[in-house]
1. In debye to the nearest 20, how big a dipole does region 6-184 give about its Cα centre with +1 on each Lys and Arg Cβ and -1 on each Asp and Glu Cβ?
2. Give, in nm to one decimal, the length gained when the segment between Ala108 and Val392 is fully stretched (0.36 nm per residue of separation minus the Cα-Cα distance).
3. At 7 Å along Cα-to-Cβ for each site, give me the label-to-label distance between Ala317 and Glu340 in nm.
4. Given points 7 Å out from each Cα along the Cα-Cβ axis, report the Glu264 to Glu61 separation in nanometres with one decimal.
5. If a/c stays under 1.5 just call it rounded; otherwise compare a/b with b/c (prolate if a/b is bigger, oblate if not). Do that for region 191-442, with a ≥ b ≥ c from the square roots of the Cα gyration tensor eigenvalues.
6. Would you mind checking region 55-76 for residues with the amide N under 20 Å from a putative spin-label position 7 Å along Cα→C-beta of Glu93?
7. Mark the label point 7 Å from the Cα of Arg16 along Cα→Cβ and return the residues of region 97-139 whose backbone N is within less than 13 Å of it.
8. Average the reciprocal distances over every distinct pair of alpha-carbons in region 6-184, invert the result, and give the Kirkwood radius in Å.
Amino acid sequence: MTHAYPRHLAAFVMERWSEVAPSRVRAGARGSSGHLALPQEDVLLRFISVCYQASLMHEEERTVTFRVILINPEELPQESGPPTGLHRLVFTEPRPFDEDELRRLSPAADYHRSLIGVKDDGDGSMSVWGIVQSGPRWVLRTQGGRELSPPLPGVPVLHVSGPGRVEFRRGSRYVAKLEGGELHGRPIDVFASKWLTESFAPVRAELAELHASARELTRRKTEEPWAPLDPDLTRMIGQHVVRRMISVLRDVRHGGTLIFIPAERTGEFSRDNPYITFKHRFRDEEPRRRYRSLILGVTNRLVEVHGKGGRDSYPRAVGWHEYQTSSDPQIARLDEAVFELANLIAALAAVDGAVVLSKRYELLGFGAEISASLERTQTVRRALDHEGRQTVEEPVDGVGTRHRSAYRIAAAVPGAIAVVVSQDGSARFITKGPEGITYWNQA
């Protein structure tokens, strides 16, 4: 195998740059047009190479992590700042763009909240001009949450998250990554797949029926109308809840397993069964079904708020955008409750054994041990695309007990989905596909 280095990433970025749409910024804002082209090849290579070298260094025994944006400071507005904008701070004197400077600045430019501003001086040299505070909302796409993040102009942005781990973006949009000496193009985001969406479709249909019943009951009791609901809203919220669970498990660096069983088999897994032995099982009562109650609370309140004045004042379906931008105090409380539940489930996964939920997100128990008597899987398929149409067969002896147990339960219970988060933070979705047990490495 030939390892990849900054020059390979630079070449790949130049090939793929035009395929990645630039980040959307507010119309009329500086940086919203122009300056979207890549710099000259030698400048681009230096930009990547210096950041790569800095990633291999330490600052007072700490791993060096940072984000860098390549843009002239004049292209960023002076009057904005987090949580909805970017806060530009320009040094009175520019600093040299080299690995030592990035190392020294990295503690001040917190990876999750700031970027180091760099510009092309036009004579083959580059300089560090200041710091851009973005706030942490940009990570919510992977961590889960409804808050809107300030988009970055569609200029080169580079993330350094560890030694030799360099990710190139066009503004907020992913372009390519160099990690472990390997070049990675388009990442797989399992949440964008059709198979995962379809797997939870019956549960969303149940929620839609419950929402419709609540709507009809309200109509009978009061003449206050409700706005129409986008049925996709419950899918989006559910996905963000799972993202939050994965994010919490990644942060604690303990690892854990979540198992989602088909909703129609909830009763079977609520008692002794040949598949799973629970160390801690929850009583069958309303608290373990809290997620459903909260989601119905969110959808009902959202359409009630936007239904003031009737369909003429809000003719389109209320969905994710309205949920993100709502300032209603009750929506905010429900949203906090939903994600507090996600944090609870992730905490349960930190105990040895799996957390078992139905696809209704009904919490059955934790500390679950998957039966060793289930048929062992000798090989699995690694998905190379979102839908698992392209796969590569792999032996299972390259993974630990946690993954092999998840393979067994996925094979024994058709429709079950296991999410395994390793101590190193990697996350793997596992289910039984047409060609056998298939897994996706979640970006």
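1. Values: 22 positive and 23 negative charges, 174 e Å.
The calculation lands at about 840 debye.
2. On the way: separation 284, 0.36 × 284 = 102.24 nm, distance 4.31 nm.
Once the chain is fully extended between Ala108 and Val392, it gains 97.9 nm.
3. Simple spin-label model gives 3.1 nm for this pair.
4. 5.8 nm
5. On the way: a/c = 2.15, a/b = 1.88, b/c = 1.14.
In terms of gyration-tensor shape, prolate.
6. Only 73 fall inside the zone, counting backbone N under 20 Å.
7. Under 13 Å, as judged by backbone N against the label point of Arg16, lies no residue of region 97-139.
8. Result for region 6-184, one decimal place: 16.2 Å.
No lab work stands behind these numbers, since they all come straight from the coordinates. Keep in mind that what you see is a predicted model, and the values were worked out from it rather than measured. All Cβ positions, even for glycine, are placed from backbone atoms using ideal geometry, and neighbour counts span all protein chains on display.
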